[in-house]
1. Please identify the longest segment of the chain free of exposed GluC sites (Glu not before Pro), where exposed means a DSSP state other than H, G, I, E or B and no more than 13 other Cβ atoms within 10 Å.
2. Mind checking the angle between helix 122-144 and the chain's longest principal axis? C-alpha axes, 0 to 90 degrees, to the nearest 10.
3. For Cα extents along the principal axes in Å, the choices are (i) 82, 37, 20; (ii) 70, 32, 31; (iii) 40, 35, 29; which was calculated from the structure?
4. How far, in degrees from 0 to 90, does helix 84-104 lean away from the longest principal axis of the Cα atoms of the chain, to the nearest 10?
5. When the helix-only estimate is applied to the chain (DSSP H runs of n ≥ 4, each -39,500 (n - 2.57), divided by the residue count), what is the mean residue ellipticity at 222 nm, nearest 500 deg cm²/dmol?
6. Helix 107-116: angle to the longest alpha-carbon principal axis of the chain, degrees 0 to 90, nearest 10?
7. What's the lysine pair count for the chain at a Cα cut-off below 13 Å, pairs eight or more apart or interchain?
8. Say the dipole of segment 3-158 comes from +1 at the beta carbon of Lys and Arg and -1 at that of Asp and Glu; which of TRP64, PHE31, TYR109 then lies farthest toward its positive end?
Amino acid sequence: MKAINKNGVIKTYGSAPSQFQGNVKHYAGGFDLLTDEEQQAEGLYDVVTPDYNEKTQQLGDIYWDADNSNFTYPVTDKVFEESLEQMKISAILLLKSNLNLKLSETDWYYTRKIDINVPVPGTVQTKRDELRSGFSVKENEIIALTEKAEVANFDTSI
């Protein structure tokens with residue numbers, strides 16, 4: 001990604017454009033073929049997106065980083081509107097939904113048992129018991145969390 005600051009407004013590009021109005025001259029074509037140094041002489045610099053945790057952090061507005069000669073974004077912590085308890089409830093509901101989705105993959109064994117009295121294989125029952133046990137462990141882990149960021153980062157997969 002590339003960007004230029006024109007009169008205090010930063011314009012971004014997915015890549016260097018072929019046509020470009022630089023700080024020195026206008027390019028009707030071929031600007032994308034110039035070296036990075038030539039593009040920088042016209043005011044077009046790389047945009048560096050910092051690493052951040054999308055669940056607990058967010059990017060601010062793009063700015064010029066003079067120390068590194070590139071454009072970048074500040075990283076700030078997200079402000080969670082929900083209370084810690086509300087976030088825990090949401091995480092547990094998502095965990096429960098994931099459990100139900102996994103259990104639904106083998107529900108047909110139980111329908112078949114009721115309909116035509118075919119026994120459910122022991123391996124199926126064991127797997128379902130393991131899923132429920134894993135759910136209980138994770139539910140208790142969620143309940144024990146004390147920070148909103150911990151809840152936001154919690155893996156609710158089963």
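Rule-based calculations on the coordinates, nothing more; no lab input. In this text the structure is predicted, and so the values were computed from the model without any measurement. So basically every Cβ, Gly included, is an ideal-geometry build from the backbone, and we count neighbours across all protein chains shown.
1. Numbers: sites that count: GLU54, GLU81, GLU82, GLU105, GLU147.
In short, 1-53.
2. 60
3. (i)
4. 60
5. Working: 5 runs with 66 residues, N = 158.
The helix contribution divided over the chain gives -13500 deg cm²/dmol.
6. 30
7. 9
8. Ranked along the dipole, the leading option is TYR109.
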